[in-house]
Amino acid sequence: MMTETRPTLLVVDDVVGNIDMLLETLGEDYTMIVATDGADAIDSVKEALPDLILLDVMMPGMDGYEVCRRLKDDPTTRDIPIIFITALNETKNKIKGFSVGGVDYVTKPFQPEEVHARVGMHLELCRKKRELQQSYDKLRETETQRDGLVHMMVHDMRSPLFAILGSLEMAEMEPLSKEAADCIDTALSATGMLIEMISTLLDVSKMEAGKMTLESSAVDISDLTRETIRMLEPLRGQRRLTLTSPDEMKMLTGDPNLIRRVLQNLISNALKFTDKDKGIITVFIEITAEDNMCVSVVDNGNGIPLEYREKVFDKFCQVATHKQSKGYSTGLGLTFCKLAVEAHGGKIGLESEMGMGSTFWFELPLR
């Protein structure tokens, strides 16, 4: 039967009487190592890492504060808990001990029960911390494996979807009854949406991993917005959708495909969450005082509650709101927008008031 290894304590004190008292108090439960000065303590730690250090403050040469500071500067020893042993009861001395990395202090003369309790408490905290880190590492590993599997599956879905899309387009070219043509149109639309969702998911993964390469060129964002509005015309219904932009537009440098998809997501979102008969959506383009290009999509929808405004660009928030049937965007669209804008060195935000609509905006640097 295996016995559990006892924790190791390093006692650092230049007074033999103090060392003897600590050995007598703690020796039955812990493996004890002794050092009589700061340099000896650092050498002992390098030879074998203790589980906890009881460190005297007032020592000749290198004092306890400096020993603690050096140990905390070393990545291999910074996580060892250090309890200061001190006869200094002033608050400023205790604060200094905490500031250099100590976790606690024991005042002289020692009270055996107190020493035992403080040592045991901090060893237990360290044990819990290690267990938590191990659980976190395991969770991250599982999450990485899951994301890799999902990414592979989603990537492999594109080929059959494009095959379906091609087949539907060929079928659409044949003479069909109205009912059959309507079915083909519905299937084409649904297939296109699935392909767009898959592309967004893959691009979000790439941008999160820093693997998205921008294919930059000169962009007239006013023309790009008009083109996007024309593309979304079938979704407009009776809503009023207009563009306001300067007469003379400055060109910016960016990836036109990504910027177009940002515009498409924001305008599509506004169309989805405004009344189909009374919805009013205005896209404003302007140059800011900081010489940035700012695009705002303003709608007169229901608005977004305060608790979601800070999180609406977070993909985990999208999952939460959709579970509650309170989706405020179309899937990962806003997450994609945030990552795409930030990849250009820009920023994105939201202003909203319940019952008064929402304004999604993003800024891109001209230079």
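List of remarks:
- Output for the range 56-72, where each listed residue is outside any helix (DSSP H, G or I), open to solvent by 10 Å² or more (accessible area, probe 1.4 Å) and under 13 Å from residue 93 (Cβ atoms): 58, 63
- Only one entry in 118, 78 is open to solvent by 60 Å² or more (accessible area, probe 1.4 Å), under 19 Å from residue 57 (Cα atoms) and either in contact with a helix residue (DSSP H, G or I) (Cβ under 9 Å, 6 or more places away or on another chain) or in a loop (DSSP other than H, G, I, E, B) (or both), namely 78.
- In summary, residue 209 fulfils each of the numbered conditions (1) farther than 27 Å from residue 280 by Cα; (2) in contact (Cβ under 8 Å) with a residue 60 or more places away in the chain with the single exception of condition (2).
- Exactly one residue out of 243, 224, 214 is in a strand (DSSP E or B) and surrounded by 12 or more Cβ atoms within 10 Å (Cβ to Cβ), and it is 243.
- The residues listed here are 28, 24; of these, the one that is outside any loop (DSSP other than H, G, I, E, B) and open to solvent by 50 Å² or more (accessible area, probe 1.4 Å) is 24.
- Counted residues, the range 159-189 - those being open to solvent by less than 80 Å² (accessible area, probe 1.4 Å) and of a type in the set (D, E, K, R): 2
- A Cβ distance below 8 Å, combined with a sequence gap of six or more or placement on separate chains, defines the contacts here; from the range 55-74, residues that are under 13 Å from residue 43 (Cβ atoms) reach residues that are open to solvent by 50 Å² or more (accessible area, probe 1.4 Å) and assigned to a loop (DSSP other than H, G, I, E, B) in the pairs 62/37; 71/78.
- In the range 302-316, the qualifying residues are those that are touching a helix residue (DSSP H, G or I) at 6+ places or on another chain (Cβ under 8 Å) and either open to solvent by 10 Å² or more (accessible area, probe 1.4 Å) or at positive phi (or both), and the one that is modelled with the highest pLDDT is 313.
- Residue count for the range 340-367 satisfying the condition of being in a strand (DSSP E or B) and more than 21 Å from residue 258 (Cβ to Cβ): 6.
- Verdict on residue 49 being open to solvent by 60 Å² or more (accessible area, probe 1.4 Å), under 26 Å from residue 130 (Cα atoms) and in contact (Cβ under 8 Å) with a residue 24 or more places away in the chain: yes
The values are calculated or read from the model by the stated rules, or taken from the named source; none is laboratory data. Here the structure is a predicted model, which is why all the values come from computation and not from measurement. Don't worry about glycine lacking a Cβ; one is built from the backbone with ideal geometry, like all the others, and counts go over all protein chains shown. Keep in mind that these areas ignore ligands, DNA and RNA; they rest on the heavy atoms of the full protein, side chains included. Shrake-Rupley method; radii C 1.70, N 1.55, O 1.52, S 1.80 Å.
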